Amino acid sequence: FYHNAIPILCYHSIPDRESFQIHMSCIREFGLSVTALDDLVNWMRYQIPLRMPAIALTFDDCYASQLLNAVPVLAAFGYPATFFAVTQWIRQRSNPLSKIEAQNSTLRRSGLLELRRLGFEIGFHGRTHTAMSELAPQLQEAELQIGKRELEDLLGKEVHFFSYPYGHCPSSAVEAVKACGFQAAVTVRLGGVKAKDDLFTLKRICVPVESTREGLKAQLTWIPQLAEMVRTSPPLDRLAGVVWRRR
C-alpha cells in the first residue's frame, strides 16, 4: 500500500509538546520519510520520485500552540510542513494573553511571518472558515479570491494550497479552487494519496495529538487501507459517509 500511497496527516491544536515529539519520533522509527506538500504534488503531477514510504504533515487553523509546541519539534527533526490559515482569524491584539489563552488563540501576522521565515509553507483555509457547502457558488468564489489575496498580501508571496473548512468540497467549490489558481487542495476524507488521485480533493488522516504510539501506528497503517477497501464498495462507502457526517 505505501509503495503507492502517501498519507497526509492533519493536526489541529498542539497543547502538549511532549506528545507531539513522540509522534514525530514514531514516524522516524516507522521508517517514513516526511515530504513537503509541494514535492507530493510534483510526484503526482510530474512523476518526480520521492523516497518511499513517505508522509506529509499539515496543520489546520494556525493555532498559536502549533508555533509554540509543534514547530520546535519539526525544526529539530528537519521535517517540512504546511500550515493552513484563516485570514479573518489573523487578528491583532494589544493586550497580553495568558498562557492558556495564547495556546488556544490563532496566530497573528507576526506568527505567520515567523512560520514563513523558518521555511514552512503557509496555505489558505478560508476567509471566514465557512463550509463551502453552505455558500452559494458566487459566494464561494468571493470567499476564495478575497481571502487568498489577503493572505498573499500579508505574506508577500503566492499561496499554492487550500484546505477546505470542515473538509466540505462540493463540485462548485472544487471548480472555484481551480479557478483561483491553487495547485492543490486537501480534504479530511480518510485515506492515502495515490499518484493518479485528484489534486483538488486530496485525502488526509486527522490525528489527535493525544494518540498513543499504538493509535498513531493504526492511523498510519491499517486504518487508511481499510478506508480504501470500503471505498471500493458503494454501499459501504455511502454508509461511511453518513456516519462521518454525523460526527
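The values are calculated or read from the model by the stated rules, or taken from the named source; none is laboratory data. Note that the structure is predicted; figures quoted are calculated from it, not measured. Note that we place each Cβ from the backbone using ideal geometry, even for glycine, and neighbour counts take in every protein chain shown. Remember, those area values only see protein heavy atoms, side chains included, never the ligands or the DNA or RNA. Shrake-Rupley method; radii C 1.70, N 1.55, O 1.52, S 1.80 Å.
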Scan the range 36-54 for residues that are part of a loop (DSSP other than H, G, I, E, B) and within 17 Å of the chain's Cα centre (by Cα) and jot them down.
-> ALA36
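Scan the range 131-140 for residues that are more than 16 Å from the chain's Cα centre (by Cα) and either surrounded by fewer than 22 Cβ atoms within 10 Å (Cβ to Cβ) or aliphatic (A, V, I, L, M) (or both) and jot them down.
Applying the first criterion (more than 16 Å from the chain's Cα centre (by Cα)) to the range 131-140 yields 132-140.
Within the range 131-140, MET132, SER133, GLU134, LEU135, ALA136, PRO137, GLN138, LEU139 meet the criteria.
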If you scan the range 106-126, which residues turn out to be in contact with a Phe, Trp or Tyr (Cβ under 8 Å, 6 or more places away or on another chain), open to solvent by 10 Å² or more (accessible area, probe 1.4 Å) and over 22 Å from GLN145 (Cα atoms)?
-> PHE120
Considering (1) closer than 30 Å to GLU150 by Cβ; (2) open to solvent by less than 30 Å² (accessible area, probe 1.4 Å), say which one CYS26 fails and leave the rest.
-> (1)
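Tell me the helices (runs of 4 or more DSSP H) entirely within the range 151-247 that contain at least 2 residues that are in contact with a Cys (Cβ under 7 Å, 6 or more places away or on another chain), open to solvent by less than 70 Å² (accessible area, probe 1.4 Å) and at pLDDT 80 or above. Lay out the reasoning, then the answer.
Numbers: elements: 171-179, 213-220, 222-231, 234-245.
Those helices (runs of 4 or more DSSP H) do not exist here; none qualify.
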What are the residue pairs meeting all of these: first residue in the range 129-144, first residue part of a helix (DSSP H, G or I), second residue of a type in the set (Lys, Arg), Cβ atoms under 8 Å, and 6 or more apart or on different chains?
-> GLU143/ARG127; LEU144/ARG127
Exactly one of SER65, SER33 is open to solvent by less than 30 Å² (accessible area, probe 1.4 Å) and without any contact (Cβ under 8 Å) to a residue 24 or more places away in the chain, and that one is SER33
